[in-house]
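J.: The structure that follows is given in the form of structure tokens.
The values are calculated or read from the model by the stated rules, or taken from the named source; none is laboratory data. Since the model is a prediction, treat every value here as computed from it, not as a measurement. Positions of Cβ are backbone-derived with ideal geometry, glycine not excepted, and every protein chain shown enters the neighbour counts.
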Amino acid sequence: MATPNDTTGTVHILLNKGTTCFIDEQDSDLLQFTWSERVQKRTSYAYRKPSYGKGIQMHRLILARKLGRELEPQELVDHVDRNGMNNRRENLRLANSSQNVANCPMRKNNKSGFKGVCFDKVKNRWISQITVNRKQRKLGAFKTPQEAYEAYKAAAIAA
């Protein structure tokens, strides 16, 4: 089932488990296929299994169309808004592993309330750190978690 949204050019696709996926009108030819929801690492994606060959993830197919070439197996697709069901072209970008991880939400066990900030009981300070290209960099120790987060934001922009 699909319903075009005339005001935004977005098409809504109802998947097998009752969830909805969004694509641009220019990709509406994908409606001819039956798409399923697949959960990978706590995120849902639109997926289909053809009668032969490997399964197809909708976001990889759409980004390949956007770029005008096939994606290499090691190339990752990043959903800018972190919503795996939002497959509109403006929401998809090519990313390496480091860029993809940088767009992850704050961890569930985070106690500071800020990404990249934790408390050091020995120093009695808030520590700011960032990982860039698989290398962790300590950004300093601060009196408040807000100060530590400001250091993290500055480093993230510079990275």
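J.: Before we move on, is G84 in contact (Cβ under 8 Å) with a residue 40 or more places away in the chain, of a type in the set (G, A, S) and either in contact with a helix residue (DSSP H, G or I) (Cβ under 8 Å, 6 or more places away or on another chain) or in the same structural domain as S128 (by TED's automatic domain parsing) (or both)?
T.: Numbers: in contact (Cβ under 8 Å) with a residue 40 or more places away in the chain: yes; of a type in the set (G, A, S): yes; either in contact with a helix residue (DSSP H, G or I) (Cβ under 8 Å, 6 or more places away or on another chain) or in the same structural domain as S128 (by TED's automatic domain parsing) (or both): yes.
Judged against the criteria, G84 is a match.
J.: Further, regarding this structure: Can you name the residue in region 99-152 that is within 23 Å of the chain's Cα centre (by Cα) and of a type in the set (F, W, Y) and is also nearest to R42 (Cα to Cα) among such residues?
T.: F114
J.: Ok, one more. Criterion first (surrounded by 14 or more Cβ atoms within 10 Å (Cβ to Cβ) and part of a strand (DSSP E or B)) does S28 satisfy it?
T.: When the stated conditions are applied, S28 does not pass them.
J.: Now for a different question. If I filter region 110-159 down to residues being among the hydroxyl-bearing types (S, T, Y) and closer than 19 Å to N100 by Cα, which single residue comes out as modelled with the lowest pLDDT? Outline the logic, then answer.
T.: First, pick out the residues of region 110-159 that are among the hydroxyl-bearing types (S, T, Y): 112, 128, 131, 144, 149, 152.
Filter again for closer than 19 Å to N100 by Cα, leaving 131, 152.
On the way: T131: 83, Y152: 90.
Checking each candidate, the answer is T131.
J.: Given the conditions (1) charged (D, E, K, R); (2) touching a Cys at 6+ places or on another chain (Cβ under 8 Å); (3) in the same structural domain as I23 (by TED's automatic domain parsing), report the number of the one that D78 does not fulfil.
T.: (2)
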